[in-house]
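Q: This structure is in structure tokens; I'll ask about it shortly.
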Protein chains: 4
Amino acid sequence: MQLPTPVYKPAFNITRASHLVSRVSDLEASRAFYCELLGLVVSDEDSSTLWLRGLEEACHHSLVLKKGEPAVERIGLRVLTEEDLDLLEAHFRAAGFPTAWVEIPHQGRTLHTTDPAGTPLEFCATMETRPRLFAQADAYHGACALRLDHFQIVTPKVRESLDFYNGMGFRLSEYVTKDGSLEMVFLQRKGNPHDIVFANREGPRLHHCAYQVPETHHLMHVCDLFVCRDQEGQVEFGPARHFSPGLARFLYLRDPDGHRVELFPSHYHTIDIEEEPVRWEAPGFKAGGWIVPPDRWWNDTMAFAETGR
Amino acid sequence: MQLPTPVYKPAFNITRASHLVSRVSDLEASRAFYCELLGLVVSDEDSSTLWLRGLEEACHHSLVLKKGEPAVERIGLRVLTEEDLDLLEAHFRAAGFPTAWVEIPHQGRTLHTTDPAGTPLEFCATMETRPRLFAQADAYHGACALRLDHFQIVTPKVRESLDFYNGMGFRLSEYVTKDGSLEMVFLQRKGNPHDIVFANREGPRLHHCAYQVPETHHLMHVCDLFVCRDQEGQVEFGPARHFSPGLARFLYLRDPDGHRVELFPSHYHTIDIEEEPVRWEAPGFKAGGWIVPPDRWWNDTMAFAETGR
Amino acid sequence: MQLPTPVYKPAFNITRASHLVSRVSDLEASRAFYCELLGLVVSDEDSSTLWLRGLEEACHHSLVLKKGEPAVERIGLRVLTEEDLDLLEAHFRAAGFPTAWVEIPHQGRTLHTTDPAGTPLEFCATMETRPRLFAQADAYHGACALRLDHFQIVTPKVRESLDFYNGMGFRLSEYVTKDGSLEMVFLQRKGNPHDIVFANREGPRLHHCAYQVPETHHLMHVCDLFVCRDQEGQVEFGPARHFSPGLARFLYLRDPDGHRVELFPSHYHTIDIEEEPVRWEAPGFKAGGWIVPPDRWWNDTMAFAETGR
Amino acid sequence: MQLPTPVYKPAFNITRASHLVSRVSDLEASRAFYCELLGLVVSDEDSSTLWLRGLEEACHHSLVLKKGEPAVERIGLRVLTEEDLDLLEAHFRAAGFPTAWVEIPHQGRTLHTTDPAGTPLEFCATMETRPRLFAQADAYHGACALRLDHFQIVTPKVRESLDFYNGMGFRLSEYVTKDGSLEMVFLQRKGNPHDIVFANREGPRLHHCAYQVPETHHLMHVCDLFVCRDQEGQVEFGPARHFSPGLARFLYLRDPDGHRVELFPSHYHTIDIEEEPVRWEAPGFKAGGWIVPPDRWWNDTMAFAETGR
């Protein structure tokens, strides 16, 4: 199977993976994980919510943690302008998906909707901004997480997801096939390998979100931090390199509620249309490079609150 | 002076800084500099030309070195599709600039034209591709240069350049003012701080092109390499960090003919429209962080062959 | 059990772990492993032997590989002067161990003997010297192994070994106990945690030798190299950190014949007598930090040719 | 001039550079410099004194800062045992230097004396111990300074110092000559290039003390920290590599009172007697590798309080 690489030019412009909204059982335990260990900073907080951003991010939040039964609420994506948002709403409505305009703190006008996999989505064109801490060495700590990069969703509807996201202008960078079926698709808007990935499992559920960190040594340092706090059980897989889609060095961590976060120090750029999507046939490649991925990395995923699966 | 941040939506889609075409006096000396020391690889060569790419690049070349009197021939930029190329040609023609379709080896259909500063430009939508060596650790050597990132042009026409590139969809990320005049503009298409920079000096001339390297230690290692070869005179400035536009850690090197190349390990992303361009007022910021930029870094630039200035 | 920390002042001065003499089945396969991947350099070679040193070493060799049935021949240690060598010979003879003066290429006068565990030992005061490549960035490649640091021997005679090596001026830095028995002793002469380690297993056999590398990223890079050559099966354990004796970040590799080599980027200094040896009670500490050591790391060891066990 | 390399075996055993006692004008400013920026930790403090140690050190202090007129009080060295201390006292007394036994908090019995250059010295065999923080990733911050490594003294009595320290068992690792005169000697006890260095200038005065840091990136990070605090003026020289004695990557910083501290990530080992000391003829080598040392690095030194020069 060699997938085509259509260049769609939809009327609207989705720009990037933006933020994740999740529910966690204990905000202080989550703050310790995401801020002290991963290195995110608090943009705002109230008694039930933490709004977090990476050291490089000017946007108000890339991770929203709400106190509640552990689950994922929504995947957030950005469009470029308010006009894009209206055109996108029409597109989803025309495709038969429910749409709703909602008020979300610290964000501009926000659209709620759902994709073919059933993933609860949230789109906005703007957020409040906060100072980038990119060069503020005093703010660096823990893994020094810089910015949200991508999400991975598991769903049996991989092919439908590919087609639907292609139609919204997402381009396929890499994919995995297995005995003629499509197992994984890596889709991007911002010019690196992925903003959103769909993998073939019962779903929709979230496999992980990923933050970029500055350098390889930050992956090792944060592992040391977990061990020093007797939390090494939360270090799930890595540091190693994927000799599989993305080819990034990686580290997968589990937060106190089991939400999985990938940290990685590097990605390649993919912008030009003449680049063919890279096909991988499973099994036979080395997802963990020199280490074998643990079963729980393959199998554990987090339900969306809305769908409960 | 606070510059506006218009969101232009031109009919065509310029995607990124693509490649540089330069003339060098000795291809073997240049090969040693760019390949052995910086870490680029040769995609093709003949008796008068080297086509080089970074370890991460799938495009055939990001640097073309031709034997000749040292000078820069052209700045290369990419558009997304062949249709974009036609629309762009019409745009330049309508603006009163000469345009020409040319055949360039290893590139798709190519447009030659000029911008208001007089910079010789070259646009194409496609190139031949070569294997990405991103994860090919065996191919890593020298500074392990990954991919071309941006150019800096000096010209007295900074404001005209800003307006013209804004009109082509470039967005301003950062800028420098001095006593009410506009000194530097950092313009981008690919979502990081810059694809092309214009700085106020007699021109048009090229200040530098920049390649991304993986990590900070690669900057230090390549300096060691230069010293070991008694070429430390080619290490011009750094390693240090710009506490100035871009905020990147950097190293500036001079090739055997004096062409300047910046290596840097990191950049921030800038994609959203609510981010205001960052203004810097000169003097008063720390262009070299903890070190003072040498005069030659400020003053030496390379002529374009076409204009001879 | 709290072990005492006697300060012995023997008449002779053993200074450090010096070199390892091993037999390998295929010199070219071993050269690729030790030179291309680990980064050692060849000081000399003939049809049946490779003499290798680390990038930092001025001594002629820290690893001697001889073509033959895979096994370890000898552990090499250094004394400071020729006089020390004579005094040491008398010491071993008085203790009832066989001693022999042998001629070894590229070494000064050399003493062969055996310790209570049955480890075949080799002592010399001098070697030929070669240029240190410590600052020769051009010579850096692979994991950039710098210098031999220590050996680990398995033997049921841990306590006897401790007493015997204490008597030769070795100091105990750390040790492991288990239900009242002594499981491991880390003994040093050169002021860092270990020159030689004895661990409780059937023996004498060699568990590993260890080379220091410059920095953490070298551990990750060499793993990438193994994967790129489809040799990831030789990456046995790590990169991670021992939260166990030594506390070093580590990577354990297996050469083509199964000889195990540890690479590590850092160690602490331990020189003063008021520092108590550190006791670890097994099980209950984290030998692999955030990863569990694989069984083969615990169990596989290499026989000495002489004893054949 | 080729210097001989005598192997002296004095009756006593000096083991290493131990600690520095300095006077600073503002303890809080010094705490910010040494603890927040360099990464040392406070072992003890009172209203007039800070006792600091590196993250790796088990000894109570390697730097003692006393409130007072900025100056250096003493260079601290270690001997192995109390018996060594008595033998050393006799040695200094026999050589005609004043000796005194003093009580120093947190140290064992302490000897005060002076060397031929007039350097105020302090020797002890033991100190109180504190937990090593080597693997306590939570304690890592700033440059993560690990341990004191060496001192550099300026004095016109370079040759006398070499002879005197040789007689105490110090070995010469590297030296600098200039037109037949001896300019610098690098002397060591602990097996790396230097515990104490003497350089030819008016003296005795202290040029710098040096701390080891884990890796190259720590040098760059601490420079960023200085700039972020508008203290970049305290970054004097580096990061770069000495292509001069020691061959280490380095960074020289000035504390708030002008005391100079070198940070470096690596050193080679030098233990064997067959290694000839390395001779460098000045000028003509590259003390800063690819950068030229600033005049103040050559010329500024700190007086000893006792001698007041």
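Any read-out appearing in this document is the output of simple, stated calculations on the displayed coordinates, not a laboratory observation. Remember, it's a predicted structure, so these values are computed and weren't measured experimentally. Counting neighbours? That spans all protein chains shown, and the Cβs are built from the backbone with ideal geometry, glycine included.
Q: Give the residue that is farthest from the other protein chains (Cβ to nearest Cβ), with candidates limited to residues of the stretch B:104-123 that are of a type outside the set (Gly, Ala, Ser) and in contact with a helix residue (DSSP H, G or I) (Cβ under 7 Å, 6 or more places away or on another chain).
A: Let us first name the residues in the stretch B:104-123 that are of a type outside the set (Gly, Ala, Ser), namely B:104-107, B:109-116, B:119-123.
Next, from what is left, pick out any that are in contact with a helix residue (DSSP H, G or I) (Cβ under 7 Å, 6 or more places away or on another chain): B:109, B:111, B:113, B:115-116, B:123.
On the way: B:Arg109: 12, B:Leu111: 16, B:Thr113: 20, B:Asp115: 21, B:Pro116: 25, B:Phe123: 13 Å.
Across the stretch B:104-123, the extreme among qualifying residues is B:Pro116.
Q: Additional query: Which ones in the stretch D:91-110 are out of contact with any Ser or Thr (no Cβ under 6 Å at 6 or more places or on another chain) and on the phi < 0 side of the Ramachandran plot? Let's see the steps before the verdict.
A: Our first condition is that a residue be out of contact with any Ser or Thr (no Cβ under 6 Å at 6 or more places or on another chain); within the stretch D:91-110, this holds for D:91, D:94-96, D:98, D:100-101, D:103, D:105-107, D:109-110.
Matches in the stretch D:91-110: D:His91, D:Ala94, D:Ala95, D:Pro98, D:Ala100, D:Trp101, D:Glu103, D:Pro105, D:Gln107, D:Arg109, D:Thr110.
Q: Which count do you get for residues in the stretch B:62-91 that are closer than 18 Å to B:Ala17 by Cα and away from chain A (no Cβ under 14 Å)?
A: As a first pass, look at the stretch B:62-91 and keep what is closer than 18 Å to B:Ala17 by Cα: B:62-65, B:72-82, B:84-85, B:88-89.
Of the ones still in play, those that are also away from chain A (no Cβ under 14 Å) are B:63-65, B:72-75, B:88-89.
Number of matching residues: 9.
Q: Taking the stretch A:247-274 as the region of interest, how many residues are away from chain C (no Cβ under 14 Å) and either on the phi > 0 side of the Ramachandran plot or assigned to a loop (DSSP other than H, G, I, E, B) (or both)? Before you say what the answer is, go through the steps one by one.
A: Taking the stretch A:247-274 and keeping what is away from chain C (no Cβ under 14 Å), we get A:255-262, A:267-274.
With the extra rule that they be either on the phi > 0 side of the Ramachandran plot or assigned to a loop (DSSP other than H, G, I, E, B) (or both), the set shrinks to A:255-259, A:267-274.
Number satisfying all stated conditions: 13.
Q: A further question on this structure: Write out, first by first residue and then by second, each pair whose Cβ atoms fall under 8 Å of each other, whose residues are 6+ apart or on separate chains, and whose first residue, in the stretch D:295-307, is over 14 Å from D:Leu121 (Cβ atoms) while the second is surrounded by fewer than 16 Cβ atoms within 10 Å (Cβ to Cβ).
A: Note: pairs meeting the criteria are D:Asp300/D:Gly258; D:Met302/D:Gly258; D:Ala303/D:Arg309.
Q: Another question, then. Taking the stretch A:176-185, which residues are among the hydroxyl-bearing types (Ser, Thr, Tyr) and free of Cβ contacts under 8 Å to residues at least 60 places away in the same chain?
A: Filtering the stretch A:176-185 down to residues among the hydroxyl-bearing types (Ser, Thr, Tyr) leaves A:177, A:181.
Across the stretch A:176-185, the qualifying residue is only A:Ser181.
Q: Can you spot a residue in the stretch D:223-239 that is basic (Lys, Arg), closer than 29 Å to D:Ala137 by Cβ and touching a helix residue (DSSP H, G or I) at 6+ places or on another chain (Cβ under 7 Å)? Spell out how you get there, then give the answer.
A: Here is the first cut: in the stretch D:223-239, the residues basic (Lys, Arg) are D:229.
Among the residues that remain, those that are also closer than 29 Å to D:Ala137 by Cβ are: D:229.
Next cut, touching a helix residue (DSSP H, G or I) at 6+ places or on another chain (Cβ under 7 Å) only: none.
Within the stretch D:223-239, none of the residues are basic (Lys, Arg), closer than 29 Å to D:Ala137 by Cβ and touching a helix residue (DSSP H, G or I) at 6+ places or on another chain (Cβ under 7 Å).
Q: Just to verify a result, which residue in the stretch A:139-169, among those that are out of contact with any helix residue (DSSP H, G or I) (no Cβ under 7 Å at 6 or more places or on another chain), within 14 Å of another protein chain (Cβ to nearest Cβ) and hydrophobic (A, V, I, L, M, F, W, C), is surrounded by the most Cβ atoms within 10 Å (Cβ to Cβ)?
A: Of everything passing the filter in the stretch A:139-169, A:Ala145 is surrounded by the most Cβ atoms within 10 Å (Cβ to Cβ).
Q: Pick out, from the stretch B:62-119, the strands (runs of 3 or more DSSP E) lying fully within it that include 3 or more residues that are under 29 Å from A:Glu275 (Cβ atoms) and in contact with a Phe, Trp or Tyr (Cβ under 8 Å, 6 or more places away or on another chain).
A: Numbers: elements: B:63-67, B:71-79, B:100-102, B:110-114.
Correct list: B:63-67, B:71-79, B:110-114.
Q: Okay, next question. Go through D:Thr113, D:Thr119, D:Thr177 for me and flag whichever is of a type in the set (Ser, Thr, Tyr) and touching an Asp or Glu at 6+ places or on another chain (Cβ under 6 Å).
A: On the way: D:Thr113 fails: touching an Asp or Glu at 6+ places or on another chain (Cβ under 6 Å); D:Thr119 fails: touching an Asp or Glu at 6+ places or on another chain (Cβ under 6 Å).
Only one candidate passes the filter, namely D:Thr177.
Q: Could you figure out which of (1) touching a residue at least 24 places away in the same chain (Cβ under 8 Å); (2) touching a helix residue (DSSP H, G or I) at 6+ places or on another chain (Cβ under 9 Å); (3) crowded, with 20+ Cβ neighbours inside 10 Å isn't true of B:Gln136?
A: Going through the list (1) touching a residue at least 24 places away in the same chain (Cβ under 8 Å); (2) touching a helix residue (DSSP H, G or I) at 6+ places or on another chain (Cβ under 9 Å); (3) crowded, with 20+ Cβ neighbours inside 10 Å, B:Gln136 breaks only (3).
Q: Sticking with this structure for a sec: From the residues in the stretch B:186-199 that are assigned to a strand (DSSP E or B) and in contact (Cβ under 8 Å) with a residue 40 or more places away in the chain, which one is surrounded by the fewest Cβ atoms within 10 Å (Cβ to Cβ)? Before you say what the answer is, go through the steps one by one.
A: So the first thing to find is which residues in the stretch B:186-199 are assigned to a strand (DSSP E or B), and the list is B:186-188, B:196-199.
Cutting the leftovers down to in contact (Cβ under 8 Å) with a residue 40 or more places away in the chain gives us B:186, B:188, B:196-199.
Numbers: B:Phe186: 27, B:Gln188: 24, B:Ile196: 24, B:Val197: 27, B:Phe198: 33, B:Ala199: 21.
In this case the residue turns out to be B:Ala199.
Q: For the stretch B:202-246, how many residues meet the condition of being of a type in the set (A, V, I, L, M, F, W, C) and assigned to a helix (DSSP H, G or I)? Full working, then the answer.
A: Initially, the stretch B:202-246 is screened for residues of a type in the set (A, V, I, L, M, F, W, C), giving B:206, B:209-210, B:213, B:219-220, B:222-223, B:225-228, B:235, B:237, B:240, B:243.
So of that shortlist, the ones also assigned to a helix (DSSP H, G or I) come out as B:219-220, B:222-223, B:225-228.
Qualifying residue count, the stretch B:202-246: 8.
Q: I'd like to verify a number: residues in the stretch D:264-300 that are under 13 Å from D:Gln234 (Cα atoms) and either buried (at least 18 other Cβ atoms within 10 Å of the Cβ) or touching a helix residue (DSSP H, G or I) at 6+ places or on another chain (Cβ under 6 Å) (or both), how many?
A: Matching residues across the stretch D:264-300 total 1.
Q: Now for a separate question. Would you confirm, using the coordinates I've provided, whether C:Leu65 is at negative phi and within 16 Å of the chain's Cα centre (by Cα)? Working first, answer last.
A: Values: at negative phi: yes; within 16 Å of the chain's Cα centre (by Cα): yes.
Spelling it out, C:Leu65 is indeed at negative phi and within 16 Å of the chain's Cα centre (by Cα).
Q: Additional query: Which ones in the stretch B:209-238 are away from chain C (no Cβ under 14 Å) and at negative phi? If you could, list the steps in order and put the result at the bottom.
A: Applying the first criterion (away from chain C (no Cβ under 14 Å)) to the stretch B:209-238 yields B:209-212, B:233-234, B:236-238.
Answer for the stretch B:209-238, where residues must be away from chain C (no Cβ under 14 Å) and at negative phi: B:Cys209, B:Ala210, B:Tyr211, B:Gln212, B:Gly233, B:Gln234, B:Glu236, B:Phe237.
Q: For the stretch C:275-284, name all the residues that are touching a residue at least 60 places away in the same chain (Cβ under 8 Å), out of contact with any Lys or Arg (no Cβ under 9 Å at 6 or more places or on another chain) and more than 9 Å from every other protein chain (Cβ to nearest Cβ).
A: Those that are touching a residue at least 60 places away in the same chain (Cβ under 8 Å), out of contact with any Lys or Arg (no Cβ under 9 Å at 6 or more places or on another chain) and more than 9 Å from every other protein chain (Cβ to nearest Cβ): C:Arg279, C:Trp280.
Q: Quick one: how many residues across the stretch C:1-41 are under 18 Å from C:Gly76 (Cα atoms) and β-branched (Val, Ile, Thr)?
A: Selection size over the stretch C:1-41: 4.
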